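The values are calculated or read from the model by the stated rules, or taken from the named source; none is laboratory data. Bear in mind the structure is a predicted one, so any value in this text is a computation, not a measurement. Positions of Cβ are backbone-derived with ideal geometry, glycine not excepted, and every protein chain shown enters the neighbour counts. When the accessible area is computed, the model is the full protein with side chains, heavy atoms only, and any ligands, DNA or RNA have been set aside. Shrake-Rupley method; radii C 1.70, N 1.55, O 1.52, S 1.80 Å.
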Number of protein chains: 2
Amino acid sequence: METTPTTTQTAKQPRTPMPLNGVDTPTLFATLDAVKHQPALAKFQFRATNRWQQGTHSRSRMESFHGAGGERKHVREFTFDADHPQVLVGRDQGPTPVEFLLHAIAACITAGIGNIAAARGVRLAEVESTVEGDIDLRGILGLSEEVRNGYEQLRVSVKIKGDASPEKLAQIVEQSRARSAVYDVLTNGIPVAISVSAG
Amino acid sequence: METTPTTTQTAKQPRTPMPLNGVDTPTLFATLDAVKHQPALAKFQFRATNRWQQGTHSRSRMESFHGAGGERKHVREFTFDADHPQVLVGRDQGPTPVEFLLHAIAACITAGIGNIAAARGVRLAEVESTVEGDIDLRGILGLSEEVRNGYEQLRVSVKIKGDASPEKLAQIVEQSRARSAVYDVLTNGIPVAISVSAG
């Protein structure tokens, strides 16, 4: 999501929001205005609980979150499995944990594209991304102190089509990257505190 | 996963691997030995493709990956939706992209616990984690230059039970953290390259 500066709207073409790309643009702008006047509404907390199943297989659930001034629930509980593949001695009951990072970055960039294109009056025809992540497992296997545990790098390739020039479409992708929560987390890192209750 | 140093096994209690916690420990150790002798086997590439559906809703697919010296496929294609919740003007067709980061870190820590406990001969009874992530959406909404786009911090609370002392169980969690690919990515960050094909 993004806001265009609203300082001199009369001097420019006035912004006449209308729903586009499945985005309720008037409500989106109203939400932005509401948060602008009441910043506490922007404080969110997302949550997941995860239970070990067996081996490297676990299952996460997400339902409640806090935001917009109160406790919220998704329309339903979402459940996801993760596992290691058979070649890594797992049972492949779900993707690996690191593959969910690929989904997260692609989905975040794409959601931003949906909102930004609507805000700019661009009708999207297609957005498709492929994400590749290179990882040398000698890190997590403890076989090399020079090899990091995580991905060496990610590459995201975005294909976008819509009723605007290639330049304008590319600018929408760039604006989405510049405001992406997942891109920020993956490129800059965040503090992660782990506490243990054992026994 | 982890390896215990194997330099002086004769001096210590010999490692007698047996399947435990659903982990095929003998195969796990054999895999470690194979990678030790042929480091190229450790080079993996994970992949996802994502297609925009409408609004902020997108869907990712994961099936193929490269690793252990060749092209691989999961036992089936995995598909995941992501969306923004209604309070953020989405249609809540899936969790938000940032919630998948919570699943990724919990699942990675838990998979490591499964393997490490088996390698150390500890039978697990229960592993449950809760993850909370605090985020101020004024960042992604473009309403404050002081607020970052991503999470301010994550908190992971791990509850673990098994047939070992609380100290030994806590050490297993700590070793999993120390070798977690997702923990490394989230805390240290990684390079993310984005390319665009528009029009």
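Residues are listed down the side, and each one gets a yes or a no for (1) of a type in the set (Gly, Ala, Ser); (2) within 24 Å of residue A:117 (Cβ to Cβ); (3) without any contact (Cβ under 8 Å) to a residue 24 or more places away in the chain:
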position: A:28; (1), (2), (3): no, yes, no
position: A:33; (1), (2), (3): no, yes, yes
position: A:37; (1), (2), (3): no, no, yes
position: A:40; (1), (2), (3): yes, no, no
position: A:46; (1), (2), (3): no, no, yes
position: A:53; (1), (2), (3): no, no, no
position: A:63; (1), (2), (3): no, no, yes
position: A:71; (1), (2), (3): no, no, yes
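Is it the case that some residue within the range B:184-198 is facing chain A (nearest Cβ under 7 Å), at pLDDT below 95 and either over 14 Å from residue A:187 (Cβ atoms) or surrounded by fewer than 19 Cβ atoms within 10 Å (Cβ to Cβ) (or both)? Don't jump to the end; show me each part of the working.
Filtering the range B:184-198 down to residues facing chain A (nearest Cβ under 7 Å) leaves B:184-198.
Keeping just the survivors that are at pLDDT below 95 gives none.
Checked against the condition, which is being facing chain A (nearest Cβ under 7 Å), at pLDDT below 95 and either over 14 Å from residue A:187 (Cβ atoms) or surrounded by fewer than 19 Cβ atoms within 10 Å (Cβ to Cβ) (or both), the range B:184-198 yields no hits at all.
Against the definition (facing chain B (nearest Cβ under 7 Å), open to solvent by less than 50 Å² (accessible area, probe 1.4 Å) and closer than 30 Å to residue B:168 by Cα), how does residue A:127 come out, yes or no? Before the answer, list the steps.
On the way: facing chain B (nearest Cβ under 7 Å): yes; open to solvent by less than 50 Å² (accessible area, probe 1.4 Å): yes; closer than 30 Å to residue B:168 by Cα: no.
No, not satisfied.
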Quiz item: Going by the conditions given, is residue A:40 over 24 Å from residue B:63 (Cα atoms), of a type outside the set (Ser, Thr, Tyr), assigned by TED's automatic domain parsing to the domain that holds residue A:177 and open to solvent by 10 Å² or more (accessible area, probe 1.4 Å)?
Solution: no
Quiz item: Would a scan of the range B:91-105 turn up a residue that is closer than 15 Å to residue B:176 by Cβ, within 18 Å of the chain's Cα centre (by Cα) and at the interface with chain A (Cβ under 7 Å from one of its Cβ atoms)?
Solution: yes
Quiz item: Could you count how many residues in the range B:1-34 are modelled with pLDDT of 50 or more and either touching a Leu at 6+ places or on another chain (Cβ under 7 Å) or hydroxyl-bearing (Ser, Thr, Tyr) (or both)?
Solution: 7
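Does residue A:87 fit the bill of being outside any loop (DSSP other than H, G, I, E, B), in contact with a strand residue (DSSP E or B) (Cβ under 8 Å, 6 or more places away or on another chain) and within 25 Å of residue A:147 (Cβ to Cβ)? Please lay out each step first, then the result.
Details: outside any loop (DSSP other than H, G, I, E, B): yes; in contact with a strand residue (DSSP E or B) (Cβ under 8 Å, 6 or more places away or on another chain): yes; within 25 Å of residue A:147 (Cβ to Cβ): yes.
Yes: the conditions hold for residue A:87.
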Quiz item: What residue, of B:190, B:140, B:172, is farther than 30 Å from residue A:130 by Cα and not aromatic (Phe, Trp, Tyr)?
Solution: B:172
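Quick grid of which residues meet (1) in contact (Cβ under 8 Å) with a residue 60 or more places away in the chain; (2) aromatic (Phe, Trp, Tyr); (3) within 30 Å of residue A:144 (Cα to Cα):
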site: B:106; (1), (2), (3): no, no, yes
site: B:124; (1), (2), (3): yes, no, yes
site: B:145; (1), (2), (3): no, no, no
site: B:179; (1), (2), (3): yes, no, yes
site: B:184; (1), (2), (3): no, no, yes
site: B:198; (1), (2), (3): no, no, no
Practice problem: For residue B:75, work out the one condition from (1) in contact with a strand residue (DSSP E or B) (Cβ under 7 Å, 6 or more places away or on another chain); (2) of a type in the set (A, V, I, L, M, F, W, C); (3) open to solvent by 70 Å² or more (accessible area, probe 1.4 Å) it doesn't fulfil. | Solution: (1)
Self-check item: Residue selected from the range B:58-70 under the condition within 7 Å of chain A (Cβ to nearest Cβ) and under 17 Å from residue A:101 (Cβ atoms), by the criterion farthest from the chain's Cα centre (by Cα)
Solution: B:58
Quiz item: How many residues does the range A:17-57 hold that are facing another protein chain (nearest Cβ under 7 Å), under 15 Å from residue A:67 (Cβ atoms) and in a helix (DSSP H, G or I)?
Solution: 5
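Just to check your reading of the model, which residue among B:148, B:138, B:155, B:179 is out of contact with any strand residue (DSSP E or B) (no Cβ under 6 Å at 6 or more places or on another chain), at pLDDT 95 or above, surrounded by fewer than 20 Cβ atoms within 10 Å (Cβ to Cβ) and within 7 Å of chain A (Cβ to nearest Cβ)?
B:148
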